[in-house]
Amino acid sequence: MTNLAHKIRDKIHELQSEVEADLAEKRREFQYRFERRKVIFEQEALALQREAKMGLVRYFRESRLPVILTSPLIYAMIIPIVICDAFVSVYQAICFPIYGIPKVKRRDYVVMDRKYLAYLNLIEKMNCIYCEYANGVIAYVREIASRTEQYWCPIKHARKLKDQPARYYGYLEYGDSAALHEKWEAQRDKCRACEMPGECAGKVEGE
């Protein structure tokens with residue numbers, strides 16, 4: 001790994017620590033805690049949330065008709081998302097042990113905890129459950145794909161990517177023909193050892 005990659009890795013760890021500290025502060029501010037992966041709010045916080053809850057009649061009255069009419073198109077996407085979730089889970093269950101790659105923990109990416117918010121009405125909760133599942137699955141699939149890429153083709157692109165996975169910075173340089181077969185196995189060892197930031201982390205608080 002280059003010096004730049006080391007600096008980026010260290011910066012990511014630093015930012016992750018800052019995020020954790022901020023989350024801890026928000027837990028104190030909004031009065032909730034975790035018990036066996038369940039979010040528990042203090043009674044005072046729950047009372048304030050229930051007061052802020054919007055009734056269904058008002059919710060539909062204030063919703064624009066085009067938004068309501070297009071909602072079935074959004075929910076129809078659940079079908080390919082579920083299929084993708086299932087296929088990718090089977091793929092890593094079979095292939096990752098063969099390659100020696102640690103499996104991606106699905107629960108680290110598909111986090112379903114907005115249902116505990118008392119200020120959401122039924123429709124809002126359904127929308128939130130859909131969004132957190134869909135985006136969680138996409139993040140889960142991306143991590144599996146990224147580990148697969150590090151194992152099979154750890155080469156940077158010639159063009160700048162909009163959003164690179166953390167391990168991308170340690171990939172082999174584009175055009176460095178001598179490096180691929182010389183350093184390929186080293187990349188695979190890194191993948192197996194989860195040396196890149198953000199990988200194979202321990203359980204987050206509340207899990």
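Figures for the structure shown
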read-out: Test result for Ile94, over 17 Å from the mean Cα position of the chain (by Cα) and either modelled with pLDDT of 95 or more or within 30 Å of Tyr32 (Cβ to Cβ) (or both); value: yes
read-out: Residues (farther than 22 Å from Glu35 by Cβ, touching a helix residue (DSSP H, G or I) at 6+ places or on another chain (Cβ under 8 Å) and surrounded by 15 or more Cβ atoms within 10 Å (Cβ to Cβ)) located in the range 122-137; value: Glu124, Tyr130, Tyr133, Ala134, Val137
read-out: Residue list for the range 146-165, restricted to those being part of a helix (DSSP H, G or I) and surrounded by 15 or more Cβ atoms within 10 Å (Cβ to Cβ); value: Ser146, Arg147, Thr148, Glu149, Gln150, Tyr151
read-out: All positions within the range 169-182 that are surrounded by 15 or more Cβ atoms within 10 Å (Cβ to Cβ) and free of Cβ contacts under 8 Å to residues at least 60 places away in the same chain; value: Tyr171, Leu172, Ala179
read-out: Some residue of the range 31-38 being within 19 Å of Val111 (Cα to Cα) and touching a helix residue (DSSP H, G or I) at 6+ places or on another chain (Cβ under 6 Å); value: no
read-out: In the range 61-81, residue nearest to Lys190 (Cα to Cα) [restricted to those that are touching a residue at least 40 places away in the same chain (Cβ under 8 Å) and not hydroxyl-bearing (Ser, Thr, Tyr)]; value: Ile81
read-out: Selected residue (criterion: nearest to Ile138 (Cα to Cα)) from residues of the range 54-85 that are among the small types (Gly, Ala, Ser) and surrounded by 11 or more Cβ atoms within 10 Å (Cβ to Cβ); value: Ser71
read-out: Residues that are among the aliphatic types (A, V, I, L, M) and either exposed (fewer than 14 other Cβ atoms within 10 Å of the Cβ) or in a helix (DSSP H, G or I) (or both), drawn from the range 103-118; value: Met112
read-out: Residue match in the range 7-22 (condition: outside any helix (DSSP H, G or I) and at negative phi); value: no
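Okay, residues lined up against (1) assigned to a helix (DSSP H, G or I); (2) modelled with pLDDT under 90; (3) under 20 Å from the mean Cα position of the chain (by Cα):
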position	(1), (2), (3)
Ile101	no, no, yes
Leu120	no, no, no
Asn135	yes, no, yes
Ala139	yes, no, yes
Ser177	no, yes, no
Cys200	no, yes, yes
Val204	no, yes, yes
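The values are calculated or read from the model by the stated rules, or taken from the named source; none is laboratory data. These numbers come from a predicted model, not from an experiment. Positions of Cβ are generated from backbone atoms using ideal geometry, with glycine treated the same way; all protein chains shown enter the neighbour counts.
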